[in-house]
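See below for the structure under consideration.
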Amino acid sequence: MSHVSVKNLCVNYPLYQRAPIPDKAQIAHSEDPEHSAFNHRNETLIRGPNNAVIGVRALSGVSFDVPSGGRLAIIGENGSGKTTLLQVLAGIYAPDSGEVVIDGQTTSVVNINLGMSLEASGHNNITLRGLAAGRSRKEIEARRADIAAFSELGEFLDLPVQTYSAGMRMRLNFAIATAFQPDVLILDEWLSAGDAAFRKKATTRMQTFVEQAGILILASHSRALMEATCDRALWLDYGQVRAEGKVSEVADAYDEEMMRRQKDRDARARAELDAARAHEAFVRQAELDAQKDDGGASGDAPIFLIRLWHTFLRLAGRQR
């Protein structure tokens, strides 16, 4: 029986040789309630001496369980940690702390181009990709004819992949990625490939591939896809679990929050644009006044000093 258990998962990305961020700028943002989204994003930064950013906390305290037959959707903004979570489940990244237990053969379709050798032939890539996925040579040989037929590459499979067009590589990658029935399928968005005729065939194969999986964990921005294929949803927000439950309920809460954040972003953008226009109007008027006081003579130095002084006042006002 397949099963996925994740407990208190944490993943940090280290950064090196980063400049310190001024404390005043941080205080200015943190005291402003309009920058709540900024504050949440800022909490994912790991700081060292002198306030320098030394890492990013991609996942923090993530826990969930998926039983056999489960279909879990992962919802979240770009940068919320969805792909990082899938890569940990696929064994690409090791967690900094926490526990990940997966019972069953895992197939990851996070990046289907990962692991392809351009110098090797198509047939050799079938073998290499199969072995990398944990399949035996007997399993690979049992699926080779199906992969070859589905990719429609014919004798090109005997040639180096570097001689393929982008579309031909995509066909081969897709055929290999969907060739083996998984116990646990980890999927980053719905997969398709090729021209219109091939995409139709790929969609049918993809549907069968997903239906045969013992467990599906799908990260997607498509609500319709998640509601059609999943029975539960987990909302990742700034690397933490914000909500978990029925797909429709979690998606409703997520959509409502995204609309609120977008309104906040739009309001801040309008305020910044208005401030920039007011600044330019002030500087233009100051330049005209300076020219009048100078008897109509133009001078770059006074104008430069006016711009410099007013820019300083703006920056000082932001940091108060």
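Out of the residues in segment 162-187 meeting the condition of being of a type in the set (V, I, T) and in contact with a helix residue (DSSP H, G or I) (Cβ under 6 Å, 6 or more places away or on another chain), tell me which one is nearest to G115 (Cα to Cα).
I176
What's the total number of residues in segment 101-114 that are open to solvent by less than 70 Å² (accessible area, probe 1.4 Å), closer than 22 Å to Y13 by Cα and not in a strand (DSSP E or B)?
Of the residues in that region, 1 qualify.
Can you name the residue in segment 124-143 that is free of Cβ contacts under 8 Å to residues at least 24 places away in the same chain and within 14 Å of Q181 (Cα to Cα) and is also most open to solvent (accessible area, probe 1.4 Å) among such residues?
A142
Within segment 66-100, count every residue that is closer than 17 Å to P182 by Cβ, assigned to a strand (DSSP E or B) and open to solvent by 30 Å² or more (accessible area, probe 1.4 Å).
2
Which numbered condition in (1) without any contact (Cβ under 8 Å) to a residue 12 or more places away in the chain; (2) open to solvent by 70 Å² or more (accessible area, probe 1.4 Å); (3) out of contact with any helix residue (DSSP H, G or I) (no Cβ under 8 Å at 6 or more places or on another chain) is the only one that T203 fails?
Evaluating T203 over (1) without any contact (Cβ under 8 Å) to a residue 12 or more places away in the chain; (2) open to solvent by 70 Å² or more (accessible area, probe 1.4 Å); (3) out of contact with any helix residue (DSSP H, G or I) (no Cβ under 8 Å at 6 or more places or on another chain) leaves (2) as the failure.
Name every residue in segment 144-163 that is open to solvent by less than 40 Å² (accessible area, probe 1.4 Å) and β-branched (V, I, T), in order of residue number.
Listed by number, the residues that qualify are I147, V161.
Does R268 satisfy the condition of being charged (D, E, K, R), modelled with pLDDT of 75 or more and surrounded by 14 or more Cβ atoms within 10 Å (Cβ to Cβ)?
Yes, satisfied.
Before we move on, is A179 in a helix (DSSP H, G or I) and modelled with pLDDT of 85 or more?
Against the criterion (in a helix (DSSP H, G or I) and modelled with pLDDT of 85 or more), A179 does not qualify.
The values are calculated or read from the model by the stated rules, or taken from the named source; none is laboratory data. Because the structure is predicted, anything quoted here is derived from the model rather than measured. Neighbour counts are summed over all protein chains in view; Cβ atoms, including those assigned to glycine, are modelled from backbone coordinates with ideal geometry. With ligands, DNA and RNA removed, areas are computed over all heavy atoms of the protein, side chains included. Shrake-Rupley method; radii C 1.70, N 1.55, O 1.52, S 1.80 Å.
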